[in-house]
Amino acid sequence: MTLTEPTPTAMKPPIPLLDNFDHIDNPFRHRITLTESVAARVMIDLAVANTEFSLALQFIYSYRGSPDTSATYRREVERLLQWAWLIEGVSLTEIRRQHFERYVEFCQSPPSSWIGTKNVSRFVDTSGELGRIRNSEWRPFVAKIDKRQYKNGKRASKQDFNLSASALQGLFAVCSSFFNFLCQEEYLDQNPVAQIRQKSKYLRKQQASAPIRRLSHDQWSAVLSEIEMRAAADADPERFERMLFVMTALYALYLRISELTESERWQPKMSDFWKDASDHWWFTTVGKGNKQRDVSVSDAMLQALIRYRVFLGLTRLPLPGDHHPLLPKSRGKGGIASTRQVRNIVQEAFDCAISKLQSNGDEDEAESLKLATVHWLRHTGISEDVKSRPREHVRDDAGHGSSAITDRYIDVERKERNESAKRKPVNPD
C-alpha cells in the first residue's frame, strides 16, 4: 500500500470527536460543542463546525438502540468530519461530488499518522480531576491482519492497511444516509454521494455471492469432542461446561454474539427457552434491528440446555418466570454483558480444537481453523440445516429478512460447477 503524502495538518494524529452516548447528554435536548483542543485545529468557521458537530451527534444518537450500527455510523461520520474540517478545509455544505470522490481516495490511502495498528477506545477514564480524557493512541483507521497471521507471530503494521470492498460499501452507505439526514434537516440542498454516477470505479461487483465462511465437519467435531473431554476431566468443569453450552447455542440456534450477552435492550434469561401448547420448545431472542424472533429448539439443543442447567444446580428445564441469566457471571450477580468475554470463550474453544487437530496430524484443518470467528458458528449451523430443512424454516429461525439471504448458504451449484470443471482437459488430444 502507498500511504498518502501528508500535509502539515495531516502530519498530526487527529483528535477523537465522538464519545460513547453513555458519557454525553442527549444531543436533541442539549447542544454539545467542540472542545477548545479540537476547535483550535478546525480549518472552517467554528460556529459552522459546532452546528455540524451537533447534527452529527443527533444523527448517530438516532441509532443508539443498536450498538453495532451506532458504532459503525459513528466511525464513518467521524472520519468524514475529520477529513472535511482538518484536511480539505470545507464545511459539509460545501461538499460536492468531486470533494466526496477525493474523500473516498483519501480513505483508500490515508496518511500514516491517521493509521493505528490496534483497536483502542476513543476516550479513557482516569482517576482524579481529569476524569474522562481523549486517548492519544486512537486513530481513525486501523491496519489489521487475519487471525492466522497473528497466531503465526505476525503483528500488524501501518503498511498492512487496506480498505476492503465491504468497508468501502459501508462508507458509501453510511455517508449517503448521513447526507440524506442533513437534507431532511434542511441543512443541505443535495446529497453529494447520490451525484456520483459511476460508483463502479470504487465499488467492485461480484458475479455471485462470496462463499460463506464456515467450519468443516472435522473442525466442528474436534471442537465438540475436545470441550466435552476437558469438561469431563474435572480440572475446571465450570469453565468447560459453560463453553460447551455457548458453542452449542451459537451453532444450533444460529445466534449472533449480541443475542447471548446482556445489553440495555436485551437480557437473555433461562425462561427465554419455553414450551408451547403442542410441547414444542422455542427460544426467544432479540436480534439485529431490535427485532424479536422465536427460534425452533432441536432435541440436541434441548439436551445441551438440560446438561448445563443440571450442572448449575437448576431444574432440568426452565419454567415460566425463571429469571436466572442465560450465561451467569462466574463472579457476582447477573449475566455476562461483555461480548469480548464471549469471544474469548469461543476463541479458547477453537484453540483447543486446533491443538487436537495438530496432534492428529490435520495441519490443513488446524491452519484453516485459526481464521475462524464467532460468526462462523452461525454460518455453519445455517449451512448444515439448509441441506435438510425447508429454507423458509431456516430463514425464520435465522432472522433473515428474505429467502434470498438464506439461499446464499446453499452451495450445491458451486459444488457441481467445480466438479464439472475437474474433468476439463488441458490438452484436448
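List of remarks:
- Accessible surface area normalised per residue over the stretch 299-366 is 58 Å², counting heavy atoms of protein chains with a 1.4 Å rolling probe.
- Per-residue extension of 0.36 nm, minus the Cα-Cα distance of Met43 and Asp125, leaves a gain of 26.6 nm for this segment.
- With K and R counted +1 and D and E -1, the other residues having a Cβ less than 15 Å from that of Thr117 yield a net charge of +3.
- Among Asp218, Asp125, Asp351, the residue with the largest mean-square fluctuation in a Gaussian network model of the chain, with springs joining Cα atoms closer than 10 Å, is Asp125.
- Summarising the label geometry, the points placed 7 Å from Cα in the beta-carbon direction at Glu238 and His99 lie 5.7 nm from one another.
- Extension gain (nm, one decimal) between Asn152 and Glu36, 0.36 nm per residue minus Cα-Cα: 37.3 nm
- Calculated FRET value between Ser278 and Phe28, using beta carbons and R₀ = 35 Å, to 0.05: 0.15
- Reciprocal mean inverse distance between Cα atoms of the stretch 209-335 - Kirkwood radius, Å: 15.7
- Within the shell defined by Cβ-Cβ distances under 15 Å, the residues around Tyr63 carry a net charge of +1, with Lys and Arg each +1 and Asp and Glu each -1.
- Straightening the chain between Lys422 and Arg293 buys 42.2 nm, computed as 0.36 nm per residue apart minus the Cα-Cα spacing.
- Computed about its Cα centre, the charge dipole of the stretch 316-394 is approximately 620 debye, with only Lys, Arg, Asp and Glu carrying charge at their Cβ.
- A Förster radius of 22 Å combined with the Cβ-Cβ distance from Gln58 to Ala173 puts the calculated FRET efficiency at roughly 0.70.
- Per residue, the stretch 42-90 exposes an accessible area of 34 Å² to a 1.4 Å probe, with every protein chain left in place.
- Nearest-20 debye value, the chain charge dipole, Cβ charges on Lys, Arg, Asp, Glu: 580
- Calculated FRET efficiency for the pair Glu348/Val310, C-beta based, R₀ 22 Å, to 0.05: 0.45
- Accessible surface of the chain, 1.4 Å probe, proportion on carbon and sulfur as whole %: 47
- The stretch 88-187: C-alpha gyration tensor shape, a/c 1.5 cut-off, then a/b vs b/c: oblate
- Rolling a 1.4 Å probe across the protein heavy atoms gives the stretch 99-178 an accessible surface of 52 Å² per residue.
- Candidate values (1) 78, 50, 45; (2) 64, 55, 41; (3) 75, 65, 44, label of the one derived for Cα extents along the principal axes in Å: (3)
The values are calculated or read from the model by the stated rules, or taken from the named source; none is laboratory data. All of these numbers come straight from a predicted model, not from anything done at the bench. In this analysis, Cβ positions are derived from the backbone assuming ideal geometry, glycine residues included, and neighbour counts consider all displayed protein chains. Side chains are part of the model used for accessible areas, which takes the heavy atoms of the whole protein and leaves out ligands, DNA and RNA. Shrake-Rupley method; radii C 1.70, N 1.55, O 1.52, S 1.80 Å.
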